[in-house]
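Worksheet: the structure to be examined is printed underneath.
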Amino acid sequence: LLGTGILWFGWAGFNAGSALGSGELAAQALLNTFVAASAAMLGWLLIERIKGGHATTLGAASGAVAGLVAITPACGWVGPMGSIAIGILAGLLCLLAVVGLKSKLGYDDSLDVFGVHCVGGIVGALLTAVFCDPALGGTGVYDYVANAVAPYDMAAQFKAQLWGVLTALVWSGVVATVAFKLIDLTIGLRVPEEAEREGLDTVSHGERAYN
C-alpha cells in the first residue's frame with residue numbers, strides 16, 4: 001500500500017506534468033488521474049467483495065494501479081465522468097484478467113503486470129476514443145487549420161486507437177519473444193525449481209530477505 005501511494009503520487013507528475021505547464025490541461029489531467037484511480041480501486045474492491053466475500057488491501061492496490069494505467073492515454077481528453085467510467089471498467093476488466101485469464105492461459109506473472117498494465121492500457125486506449133467525444137464530456141479533437149474543435153467521429157477515432165493498440169501488441173510481443181529466447185539460450189531464462197522453492201535471496205544473494 002505504501003508503494004502504491006508513492007506510485008500514485010508520482011503518477012500525478014507523470015500525467016499532469018505532460019502538459020509542460022501549469023494550466024487548464026494540467027489541472028484536467030491531474031483531476032482525471034485521481035478520479036480514475038479511485039474509481040478503479042472501488043470497482044475492484046466491489047467485485048472482490050461480491051465474488052469472494054472480502055475486499056483486500058492487495059485488491060485496493062491493484063485496482064488503483066489499474067486505474068492509473070487506464071486513464072493515462074485519456075487524461076487530457078476526457079471529462080471527470082468519463083474518467084470515472086474508464087476507472088470502473090479498468091478495475092473490473094483487469095480483475096477478470098488477473099483472476100481468470102492468467103489461470104486459463106497459464107502464463108507466469110507473479111506481479112500481474114500483464115493483467116493490470118497491459119489490459120489496463122488497452123482499456124484506456126480504446127475508451128479514450130469513446131469518452132473524448134464532446135457529447136460525453138470530452139474535449140474532442142482540435143482542428144488547428146480551422147482553429148476550432150472538429151466534428152467528432154467516434155468510429156474513426158476508435159479505429160485509430162485500435163490500430164495503435166494492435167501495433168504496440170505486435171511490436172512488444174515480437175521483441176519480447178526474441179529477447180526471451182536469446183536469454184534462454186545464453187544465461188537461462190529461469191532458475192531451477194529447487195532454487196525457487198528455497199528462495200532467490202538465499203540462493204542468488206547469500207542472505208535472507210525475510211525471517
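Leaving out ligands, DNA and RNA, what percent of the accessible area of the chain is carbon and sulfur, probe 1.4 Å? Summing carbon and sulfur atoms, their accessible area is 69 percent of the total for the chain.
Based on the Stokes-Einstein relation at 25 °C and a viscosity of 0.890 mPa s, and on the Kirkwood radius from alpha carbon pairs, the stretch 132-211 is assigned a translational diffusion coefficient of 138 µm²/s. Highest GNM mean-square fluctuation among Lys159, Lys51, Lys102, for the chain modelled with Cα contacts below 10 Å: Lys51.
For the options Gly52, Gly137, Gly91, a Gaussian network treatment of the chain with springs between C-alpha atoms closer than 10 Å singles out Gly52 as fluctuating the most.
In this structure the amide hydrogen of Val141, modeled in the peptide plane, comes within under 5 Å of the amide hydrogens of Ala150, none closer than 5 places in sequence on its chain.
Using a probe of 1.4 angstrom and keeping all protein chains present, the accessible surface of the stretch 138-211 works out to 84 square angstrom per residue.
Relative intensity of the stretch 108-164 on a log10 scale, I(q)/I(0) at q = 0.17, 0.21, 0.24, 0.25 Å⁻¹, equals -0.62, -0.80, -0.92, -0.96, per a Debye sum over C-alpha point scatterers of equal strength in the absence of solvent.
The angle between the Cα long axis of helix 119-131 and the main principal axis of the chain comes to about 10°, on a 0 to 90 degree scale.
When peptides 12-18, 173-179, 53-59, 68-74 are ranked by their average number of other Cβ atoms within 10 Å per residue, the highest-first order is 68-74, 12-18, 53-59, 173-179.
As an equivalent ellipsoid, the chain spans semi-axes of 35, 21, 17 angstrom, where each value is the square root of five times an eigenvalue of the C-alpha gyration tensor, largest first.
The values are calculated or read from the model by the stated rules, or taken from the named source; none is laboratory data. Please read all numbers here as calculations on a predicted model, not as lab measurements. Please note: Cβ atoms are built from the backbone with ideal geometry, for glycine as well, and neighbour counts cover all protein chains shown. To get the accessible areas, we keep the full protein, side chains included, count just its heavy atoms, and leave off ligands, DNA and RNA. Shrake-Rupley method; radii C 1.70, N 1.55, O 1.52, S 1.80 Å.
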